[in-house]
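The values are calculated or read from the model by the stated rules, or taken from the named source; none is laboratory data. Quantities reported herein were computed from a predicted structural model and do not represent experimental measurements. Virtual Cβ from ideal backbone geometry, glycine too; neighbours counted across all protein chains shown.
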Amino acid sequence: MLSIIIFIAFIILAALLFRSTGGKSFQSRLKNHLRYCADEGIISTEQEIKIFDKLLEKKHGLRIKGTAWIAILAGLFISAGVCLIIAHNWDKIGPVVRVAAFILILLISGELAIRFQNRSRALSIPLELFWFFLPLIGIGLYAQTFQLSGHPIRPFLVWLSFTLPIALASPNRIIAPLHMATLIAVLFYGNYASGDDLSILTSHGSEVPVSIWAWLLSLVILIIAAIESHLRLPSGHRRHMIGILIIWIVLLLVNHTYIRVEHAGWLMLAFAAGSSSWLLLHLYLKSSETEKQVAQLSWIVSIYAMTFFWHMKGPITGDYSIIGVIIILLFTIASAAMILLLPEGALSKERKWQWFGQGMLLASIATPMLLLTDGPLEVIKGAAIIANFLLAMTGIAFMWHGSLYGRISQINIGVIIVLLLLITRFIDVFGTLLQGGFGFIISGILLALLAYSLERGRKHLIGMTKAGEME
């Protein structure tokens with residue numbers, strides 16, 4: 001009963017806030033202004049719709065204002081508060097009251113969330129978030145009330161199924177990313193860590209057999225996530241699903257599945273070819289800068305991972321499945337083909353930089369092939385040396401290209417790559433100094449000087465860029 005009183009008090013307080021702000025959100029004001037322009041003949045009705053959709057997309061991207069974050073926190077706090085109150089008074093509340101109170105709160109929150117969608121964003125966001133989390137609370141409530149035994153993944157799957165219409169229909173672009181992120185998290189945890197209905201592992205320390213239904217349900221979840229990503233995420237984030245799918249496939253190779261690969265060389269090739277394919281697909285599809293940068297990060301990490309093969313003490317061994325190797329080879333062939341057929345201007349407007357980028361991409365998938373041989377240890381260390389060289393050249397190229405074409409972000413990325421490489425190799429070479437206090441002091445001074453030098457170089461390059469823009 002106390003939870004209902006708190007919930008109603010919040011609604012009254014929010015309604016007073018809505019009334020004091022005039023009750024008009026950015027969306028409603030924008031629509032009224034555009035309608036006025038259309039009525040006056042300044043723009044056509046078709047232009048009115050296009051302008052409204054474009055500005056609303058810009059306004060309601062993944063960038064969230066402070067007031068919206070407060071509203072989000074309000075919704076989360078209310079959901080958590082209801083859970084705590086129910087848990088504290090659990091023994092005092094009868095089963096009928098529990099279920100009836102939950103259904104009443106669910107109906108009220110849903111109705112109010114719908115009513116305030118086009119009136120007040122500050123009010124609709126916490127209401128929708130509360131509405132979004134309520135089914136999960138209800139599942140736990142029913143399970144405790146009627147002593148239902150369940151699996152750890154099933155409640156989340158039921159909850160995500162119930163809230164899918166909210167994510168697809170809500171005009172607030174907060175619910176859809178939250179729903180999709182939870183969906184992907186449940187998929188990855190269910191596939192590789194839970195040992196539950198979604199588990200696709202052949203050996204997990206449990207007696208749950210691998211079922212064809214786990215694979216089918218996983219594919220259904222991936223399809224739903226792809227559809228939700230395409231329909232509800234902002235335009236600059238809809239193709240992150242490409243990376244999610246590639247990561248899911250690579251994890252199939254790493255974990256105990258029917259296509260498991262234990263050979264570190266083959267896995268490194270899978271990582272390099274997968275990250276290259278991720279980046280190249282975004283280049284072909286002309287994705288947003290954010291989507292490209294995430295793919296670039298995965299590609300850089302794949303090269304960085306190769307540098308640690310310098311620490312190998314013996315030849316690389318490990319079993320691998322034929323299907324797993326075929327998947328890796330398909331990734332590699334597809335990456336090589338996309339690199340060679342890359343459209344002009346996809347990497348840079350200047351042809352020599354385009355060729356350099358294609359060469360670096362080819363080298364990144366060719367270098368791991370040295371790890372597939374049964375040759376001496378020197379071959380493995382040679383692959384690590386080549387990876388270090390590729391990473392250094394990548395950082396320098398980012399800084400150089402950024403200074404030539406006025407892209408400060410590329411300069412910063414290049415400096416971070418070079419700094420990361422130098423710090424890692426510094427620890428490799430002078431790691432013995434870190435065994436005593438004076439060693440730590442000396443190492444700290446050297447690293448500080450290194451950071452100072454790189455920061456001065458970064459500022460110099462940015463200064464050159466800005467001076468070029470002024471001219």
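When residues in segment 247-285 are screened for being part of a helix (DSSP H, G or I), within 21 Å of Ile322 (Cβ to Cβ) and β-branched (Val, Ile, Thr), 3 of them pass. Is it the case that some residue within segment 305-315 is of a type in the set (A, V, I, L, M, F, W, C), touching an Asp or Glu at 6+ places or on another chain (Cβ under 9 Å), buried (at least 18 other Cβ atoms within 10 Å of the Cβ) and assigned to a helix (DSSP H, G or I)? Looking through segment 305-315, none of the residues is of a type in the set (A, V, I, L, M, F, W, C), touching an Asp or Glu at 6+ places or on another chain (Cβ under 9 Å), buried (at least 18 other Cβ atoms within 10 Å of the Cβ) and assigned to a helix (DSSP H, G or I).
Considering only residues in segment 201-223 that are out of contact with any Phe, Trp or Tyr (no Cβ under 7 Å at 6 or more places or on another chain) and among the β-branched types (Val, Ile, Thr), the one that is modelled with the lowest pLDDT turns out to be Val208.
Yes/no per residue for (1) surrounded by fewer than 17 Cβ atoms within 10 Å (Cβ to Cβ); (2) of a type in the set (Val, Ile, Thr); (3) within 20 Å of the chain's Cα centre (by Cα):
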site: Gln293; (1), (2), (3): yes, no, yes
site: Val301; (1), (2), (3): yes, yes, yes
site: Leu329; (1), (2), (3): yes, no, no
site: Trp355; (1), (2), (3): yes, no, no
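Restricting the first member to segment 153-179 and to residues that are among the charged types (D, E, K, R), and the second to residues that are surrounded by fewer than 21 Cβ atoms within 10 Å (Cβ to Cβ), the beta-carbon pairs closer than 6 Å and six or more apart or on different chains are Arg173/His60.
Listed by first and then second residue, the pairs linking a residue in segment 263-279 that is within 14 Å of Thr307 (Cα to Cα) to a residue that is part of a helix (DSSP H, G or I) and hydroxyl-bearing (Ser, Thr, Tyr), with Cβ atoms under 7 Å apart and 6 or more places separating them unless they lie on different chains, are Leu269/Thr332; Phe271/Ser302; Ala272/Ser302; Ala272/Ser364. Does Tyr304 satisfy the condition of being more than 16 Å from His263 (Cβ to Cβ) and aromatic (Phe, Trp, Tyr)? In short, yes. Exactly one residue out of Leu107, Leu73 is over 16 Å from Ala176 (Cα atoms) and modelled with pLDDT of 70 or more, and it is Leu107.
The set of residues in segment 408-426 that are surrounded by fewer than 15 Cβ atoms within 10 Å (Cβ to Cβ) and either more than 25 Å from Phe308 (Cβ to Cβ) or at pLDDT below 75 (or both) comprises Ile408, Ser409. Of the residues making up segment 253-276, those that are crowded, with 23+ Cβ neighbours inside 10 Å and more than 23 Å from Asp374 (Cβ to Cβ) are Gly274, Ser275, Ser276.
The set of residues from segment 229-262 being touching a Leu at 6+ places or on another chain (Cβ under 7 Å), within 19 Å of Ala181 (Cβ to Cβ) and of a type outside the set (A, V, I, L, M, F, W, C) comprises Arg232, Pro234, His237, Arg239. Right, Ser218: among the hydroxyl-bearing types (Ser, Thr, Tyr) and either touching a Cys at 6+ places or on another chain (Cβ under 9 Å) or surrounded by fewer than 15 Cβ atoms within 10 Å (Cβ to Cβ) (or both) or not? Against the criterion (among the hydroxyl-bearing types (Ser, Thr, Tyr) and either touching a Cys at 6+ places or on another chain (Cβ under 9 Å) or surrounded by fewer than 15 Cβ atoms within 10 Å (Cβ to Cβ) (or both)), Ser218 does not qualify. The set of residues from segment 367-409 being under 23 Å from Ser335 (Cα atoms), in contact (Cβ under 8 Å) with a residue 60 or more places away in the chain and small (Gly, Ala, Ser) comprises Ala383, Ala384, Ala387. Of all residue pairs spaced 6 or more apart or on separate chains, those with beta-carbon atoms under 9 Å, a first member in segment 234-255 that is over 29 Å from Thr202 (Cβ atoms) and in contact (Cβ under 8 Å) with a residue 60 or more places away in the chain and a second member that is in a helix (DSSP H, G or I) and of a type in the set (Gly, Ala, Ser) are His237/Ser229. With respect to Ala337, is the statement that it is crowded, with 17+ Cβ neighbours inside 10 Å and not aromatic (Phe, Trp, Tyr) true? When the stated conditions are applied, Ala337 does not pass them. Does segment 152-184 hold any residues that are under 18 Å from Gly110 (Cα atoms), under 20 Å from the mean Cα position of the chain (by Cα) and part of a helix (DSSP H, G or I), and which are they? If the condition is that a residue be under 18 Å from Gly110 (Cα atoms), under 20 Å from the mean Cα position of the chain (by Cα) and part of a helix (DSSP H, G or I), then Leu160, Leu164, Ala167, Leu168, Ile175, Ala176, Leu178, His179 are the ones that fit. Candidates are the residues of segment 390-407 that are over 25 Å from the mean Cα position of the chain (by Cα) and among the hydrophobic types (A, V, I, L, M, F, W, C); the one that is modelled with the lowest pLDDT is Leu404. Pairing each residue of segment 305-320 that is polar (S, T, N, Q) with any residue that is surrounded by 10 or more Cβ atoms within 10 Å (Cβ to Cβ), provided the two are 6+ apart or on different chains, yields C-beta distances under 6 Å for Thr307/Ala384; Thr307/Ala387; Thr307/Asn388.
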